[in-house]
1. Hey, does the range 589-598 have a residue that's closer than 28 Å to Gly197 by Cβ, more than 16 Å from ligand 2 (Cβ to nearest atom), part of a helix (DSSP H, G or I) and modelled with pLDDT of 95 or more?
2. Of everything in the range 210-228 that's in a loop (DSSP other than H, G, I, E, B) and more than 16 Å from ligand 3 (Cβ to nearest atom), which residue is surrounded by the fewest Cβ atoms within 10 Å (Cβ to Cβ)?
3. Taking strands (runs of 3 or more DSSP E) that do not extend beyond the range 366-431, which have at least 1 residues that are out of contact with any His (no Cβ under 6 Å at 6 or more places or on another chain), β-branched (Val, Ile, Thr) and crowded, with 18+ Cβ neighbours inside 10 Å?
4. So, of the residues in the range 642-661 that are among the small types (Gly, Ala, Ser), away from ligand 1 (no atom under 13 Å from the Cβ) and assigned to a loop (DSSP other than H, G, I, E, B), which turns out to be surrounded by the fewest Cβ atoms within 10 Å (Cβ to Cβ)?
5. Return the residue satisfying two criteria in turn: it lies in the range 680-702 and is open to solvent by 20 Å² or more (accessible area, probe 1.4 Å) and closer than 18 Å to Lys201 by Cβ, and of such residues it is nearest to ligand 2 (Cβ to nearest atom).
6. Considering (1) open to solvent by 10 Å² or more (accessible area, probe 1.4 Å); (2) within 16 Å of ligand 3 (Cβ to nearest atom); (3) closer than 28 Å to Val707 by Cα, say which one Ala199 fails and leave the rest.
7. Listed residues Val496, Val454, Val474, Val459; which is closer than 18 Å to Arg87 by Cβ, in contact with a strand residue (DSSP E or B) (Cβ under 6 Å, 6 or more places away or on another chain) and more than 15 Å from ligand 1 (Cβ to nearest atom)?
8. Of all residues in the range 133-180, which are assigned to a loop (DSSP other than H, G, I, E, B), out of contact with any strand residue (DSSP E or B) (no Cβ under 7 Å at 6 or more places or on another chain) and open to solvent by 10 Å² or more (accessible area, probe 1.4 Å)?
Amino acid sequence: MTMKTGMRVPEMQDMPVFLPHTAHWGVFSARMHNGLLEVRPHPGDPDPNHILDNFPTALRHRARIAQPMVRRGWLEHGPGPDGRRGRDEFVPLSWDAALDLLGAELARVRDAHGPGAVFGGSYGWSSAGRFHHAQSQVHRFLNTSLGGYVRSVNSYSSGASSVLLPHILGEYEDLTKGNVSWAQIEAHSDIVLAFGGMALKNSMVAGGSVSQHIERGAMARAHRRGCEFVLVGPLREDLPTEAGAEWLSTVPGTDTALMLALLHTLVLEGLQDQDFLDRCTVGWPVFAQYLLGETDGQPKNAAWAAPICGVAAEAIIALARRLAGRRALIVVAHSLQRAEHGEQPVWMAAVLAAALGQLGLPGGGYAYALGAIAYYGRRANAVPIPTLPQGRNTVRDFIPVARIADMLLHPGTAYRYNGQTRTYPDIKLVYWAGGNPFHHHQDLNRLRRAFAQVDTLVVHELGWTATARHADIVLPCTMSLEREDIGGSSHDPLLVPMHKLAEPFGQARDDYDIFAGLAERLGTQAAFTEGRTSQQWLRHMYRRTQTALADMGLPAPDYDAFWHSEGLTLPQSPDDGGQLRRFRADPVAHKLPTPSGKVEIVSATIAGFGDADCPAHPVWLEPTEPPSAATPLILVANQPATRLHSQLDFGGHSTASKQRGREVASMHPQDAAARGIGQGDIIRLFNPRGACLAAVRITDGVRAGVVQLPTGAWYDPEDPAEEMPMCVHGNPNVLTRDIGTSSLAQGCTGQLTVVQVERFTGNLPPIKAFDPP
Ligand SMILES: Nc1nc2c(c(=O)[nH]1)N[C@H]1C(S)=C(S)[C@@H](COP(=O)(O)OP(=O)(O)OC[C@H]3O[C@@H](n4cnc5c(=O)[nH]c(N)nc54)[C@H](O)[C@@H]3O)O[C@H]1N2
Ligand SMILES: Nc1nc2c(c(=O)[nH]1)N[C@H]1C(S)=C(S)[C@@H](COP(=O)(O)OP(=O)(O)OC[C@H]3O[C@@H](n4cnc5c(=O)[nH]c(N)nc54)[C@H](O)[C@@H]3O)O[C@H]1N2
Ligand SMILES: [Mo]
């Protein structure tokens, strides 16, 4: 795969050799040749990722930002709440003028309100590269220059599970990253039951870097050995054909009911591992009363679950029997918990795996989120990779990350989180670098109202995302191809020298240089830069890895040797099954880090919080917004295959997958026919929160009653002056609901919502998302 088409970069000299670089979607090398960027995947990668094809076209695309810009209303009237954000004009400024203005505004907010009025959570994946990692840069800048900021905790990825799992099973990082590996599945698993699947499109990316895409090969080899893969969910493509998967098509959002029924069947037939339950768990007797219907009169049996999940009762019973007595692995995709009551399937899967007696066995038990990202199911590096120290944040206040609009709309209001009653702070200035809330957040019309509330919104971006368009001050940053860095991830053995492959676009600067310029104006330059240039930081950060290698008695090349190599292979820790393996072997000596030291089927801690939307043990809770006559379909807004989130949506691979410029939604033939919709038509998806257009693909790979539209098409409001403009490009977050998973975790619920769909018959509005404002 060598990509040759792209935007010409005439000012760049031809390069004699390919130089290494990396992205969240894979290690590669590239060179400039005849003014074009040529990209080659890492030769050791068995299954390279086509998302690399977005680079050549993206590099000099018109969607890039060329110059610092300030919103006219902000420039003329000063900071303050303003509903014109997102539809106002921008005025180009010189770097000096822009940094002077922003430096003064930061000083004003700091002096008048304190750093507790600055929201610097700045959630987002930004780019690979450990030094120019935008979130680390913005945090370090706000800490060293303002004394801190209101931060965010948890992630859009795992909002519910990362709060729940420590209460009931163990540390999130241990359970996801040091548990069941692909190698164990290849060698040991008899049956893998994957709720939400393990789609290859997802495991093709990993935050920071990935040098080998191993998942397709691992599933193929396991399948050839005789391992059975069963996919539970609404989309057939969520497991690859190489896994030979059986597809159990289910109604989204009903997995907890299905898991309860599987367990009910096991108990009814005496197939649960009672010894494991007695030895390693707490709360089974209480939970069993709920399961058997002794507490509420409703046994959670297969007949009960069948109509909820849309699966025949006999199929549930047969599946339960197949799990018992075999090396069974339960996998739950992140997607299941990115929904209302998302804590429940994560918890219930742990109970099911415990009842099967499989926790801690090689290739068995519970692999939460395996296959969702390429750093799960792999060995950890035995040495630390370089990181940028972020300094000290003196502000104690935080929000669960997905509560941003609530915070901005309702300062001073109380909310529940992980057993606490907390209060939203009063934010005056929001600073974003390396994330795209108009990609990641839900109910975008509400988010627009929220961003209208602040005094000032600052955004560093490489492209004109909707977030940049809603900012008051837009500072153009380089993309990773335009700077030097060190690439790596804690679960990939290759540390990559990321060479500069092109000059910065227009006047774009590195985030580091932007912050250094601001720090100079705030008199905090020494604290922020510590007197180092970017180059000197790279050398400084590399030393940590070099020293750790030397301490292990391993070859520890110096920085120059590393820089001129194709990459440094790091030692890795053994694939030893981690905490669950040790616990299983000796639950007394190796207690789990839960309050009881055991698997908590009933959690006294969570019961003590007293929140009805996340009670003492896993339960089936009805959705509060079920399908209705007005919105009969369930929308699955999952991750896109042709890009990472919204990144480089204007790149060639992403745009090639669209039709008539729109993102493609998938529908079942029955649902399409009922609405007079034909293959390739443009459809309008709508609900009371908003509407968007998409092209349609009609396929029986989607369950009837479900429509799937991936995330990541840049928000493109038809008329931004309207209160609820239609997105003409296909961003599903105009439709999703901005509520927390529950009072426990307050996680993002963007995966599922209810919608209606119709054929769009109006004049097709043009796509403007990639044209500069
Ligand atoms: N409906 C729905 N919504 C979802 C999800 C879902 O399943 N359904 N999934 C959620 C999940 S799991 C996640 S993780 C989030 C992802 O949300 P984000 O991480 O916010 O999405 P990205 O598109 O990766 O945003 C990164 C931004 O950083 C910019 N960038 C890249 N490099 C640099 C740099 O060097 N400097 C600066 N300053 N900027 C840079 C990119 O141009 C891009 O705009 O989305 C969430 N949203
Ligand atoms: N190509 C690509 N890969 C990515 C990303 C990307 O943007 N692009 N993002 C990365 C990130 S940040 C993350 S966090 C992970 C996310 O990992 P996930 O959240 O697991 O990924 P999704 O694709 O959103 O969802 C996986 C599948 O779950 C199914 N599903 C949805 N709801 C339900 C349900 O209620 N029950 C069942 N049984 N199935 C359901 C959907 O059919 C969907 O295709 O992906 C990572 N990988
Ligand atoms: Mo994520």
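The values are calculated or read from the model by the stated rules, or taken from the named source; none is laboratory data. If you're wondering where the values come from, they're calculated on a predicted model, not measured in any experiment. Cβ atoms come from the backbone with ideal geometry, glycine included; neighbour counts cover every protein chain shown. Ligands, DNA and RNA are excluded from the accessible area calculation, which covers all protein heavy atoms including side chains. Shrake-Rupley method; radii C 1.70, N 1.55, O 1.52, S 1.80 Å.
1. Within the range 589-598 (the criterion being closer than 28 Å to Gly197 by Cβ, more than 16 Å from ligand 2 (Cβ to nearest atom), part of a helix (DSSP H, G or I) and modelled with pLDDT of 95 or more), the answer is no, since none of the residues qualifies.
2. Within the range 210-228, the first condition is being in a loop (DSSP other than H, G, I, E, B), and the residues that meet it are 210-214, 226-227.
Cutting the leftovers down to more than 16 Å from ligand 3 (Cβ to nearest atom) gives us 211-214, 226-227.
Numbers: Ser211: 25, Gln212: 19, His213: 22, Ile214: 20, Gly226: 9, Cys227: 22.
Checking each candidate, the answer is Gly226.
3. On the way: elements: 398-400, 414-417, 420-423.
Here the list reads 398-400.
4. Of all residues in the range 642-661, those among the small types (Gly, Ala, Ser) come to 646, 651-652, 654, 656-657, 661.
If we keep only those that are away from ligand 1 (no atom under 13 Å from the Cβ) as well, we get 652, 656-657, 661.
Imposing the further condition that a residue be assigned to a loop (DSSP other than H, G, I, E, B) reduces the set to 657, 661.
Values: Ser657: 15, Gly661: 18.
Checked the range 642-661; the qualifying residue surrounded by the fewest Cβ atoms within 10 Å (Cβ to Cβ) is Ser657.
5. The qualifying residue nearest to ligand 2 (Cβ to nearest atom) is Thr699.
6. In the conditions (1) open to solvent by 10 Å² or more (accessible area, probe 1.4 Å); (2) within 16 Å of ligand 3 (Cβ to nearest atom); (3) closer than 28 Å to Val707 by Cα, Ala199 misses (1) alone.
7. Answer to the selection: Val454.
8. Let us first name the residues in the range 133-180 that are assigned to a loop (DSSP other than H, G, I, E, B), namely 133, 147-149, 154-158, 169-171, 178-180.
Subset that is out of contact with any strand residue (DSSP E or B) (no Cβ under 7 Å at 6 or more places or on another chain): 133, 147-148, 155-158, 170-171, 178.
Of everything in the range 133-180, those that are assigned to a loop (DSSP other than H, G, I, E, B), out of contact with any strand residue (DSSP E or B) (no Cβ under 7 Å at 6 or more places or on another chain) and open to solvent by 10 Å² or more (accessible area, probe 1.4 Å) turn out to be His133, Gly147, Ser155, Tyr156, Ser157, Glu171, Gly178.
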